[in-house]
Amino acid sequence: MRKLVVAIGSAALLLTACGGGSASSSGASTTSSAPAESGTLTVLAAASLTTSFNKLKDEFQAAHPGVTVKITYDGSSTLVQQITNGAAADVFASADTANMGKITKAGLNDGTPQVFARNKLEIAVPPSNPKKIAAFADLAKPGTVVVVCADAVPCGAAALKVEQATGVTITPASKETAVTGVLSKVESGDADAGLVYLTDVNSAGSKVKGIAFPEADKAINDYPITVLKNSQQSAIAKQFVDFVRGDAGKKELGAVGFQLP
């Protein structure tokens, strides 16, 4: 009987020792930390997003130490061409759904593109408004130097929609490859007026004066964003997309006049 008691006691001690080792192992695993994020995130974004995305870049980098965000701004059609030609990038933010559609049709997106903002046209004129432009129809007056975006660029396509809806035909002095090119010519005085986005006028501050016109509601652009299929930083890229669509993005986009979906 005494031998039986000793055997049972020894077995209990053995089980306790094993249990203690398991708890220690479990505790060690819970204290391990995930590897720090690092690398460069390459974003291709419509030129009209410059002000908002520059601020979001700084905020995202502050929230993700070790990650560097590199953003290239240009007309959406130009960026699409770069992507389809094999440019290395992680995220694409377009100023319209038509150009994003080219990416999805080619199967270059990772996941369904999400609309994160909306924008509409406004007339930009020099602060003194020398041609006394007050309406969209004034852009067709003889002697008025008007600059617009190229037809393939979202702001140019929107301008065409407004022309078709109103029956007003504009004869532009030039068609720029990005909305920033239009704004620059108005700021420099090389143009009496330019068709840009409301957000571009707001971002320019006192450099230009904005003329709102009701016909702009006939050509509101949706802005979609997506992670690209060949992204080398897909996990971080998805976090950036969520960041743009989240509270931080809404704050910065709303600050310059983007409509939020």
Between 0 and 90°, nearest 10: helix 50-63 axis offset from the chain longest Cα axis:
10 degrees
Set the Förster distance to 30 Å, then compute FRET efficiency between T166 and N202 from the Cβ-Cβ distance, nearest 0.05.
0.80
With a 10 Å Cβ neighbour count serving as the proxy for reagent exposure, in which order, fewest first, do T78, T177 appear?
T177, T78
Ranked on Cβ counts within 10 Å of their own Cβ, fewest leading, S231, S184 go S184, S231
Packing-based order for 211-219, 57-65, using average beta carbon neighbours within 10 Å, highest first:
211-219, 57-65
What's the center-to-center distance, using Cα atoms, between the stretch 204-242 and the stretch 39-74 in Å?
13 Å
Search the structure for amide H atoms under 5 Å from the amide H of K209, placed 1.01 Å from N in the peptide plane, and list their residues when 5 or more places away or on another chain.
V125
Can you tell me which aspartates and glutamates have their Cα less than 12 Å from the Cα of K55? Leave out same-chain residues fewer than eight positions away.
E252
Hey, which lysines would be in cross-link range of K141, C-alpha to C-alpha under 27 Å, not counting anything within fewer than 8 residues on its own chain?
K120, K131, K132, K161, K175, K185, K207, K209, K218
Just to verify a number: FRET efficiency for L260 and K141, C-beta to C-beta distance, R0 = 35 Å, to 0.05?
0.50
With N residues in the chain, what two-decimal value do you get for its Cα radius of gyration over 2.2 N^0.38 Å?
1.52
Say each of D190 and D151 gets a label point 7 Å from the Cα, pointing the same way as Cα to Cβ; how far apart are those two points in nm?
2.3 nm
Percent of alpha carbon pairs in the stretch 121-219 separated by more than 19 Å?
29 percent
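Quick note: the coordinates plus some simple rules give every number you see, no bench work behind them. The structure displayed is predicted, hence computed values, not measured ones. Note: ideal-geometry Cβ built from the backbone for every residue, glycine included; neighbour counts use all protein chains shown.
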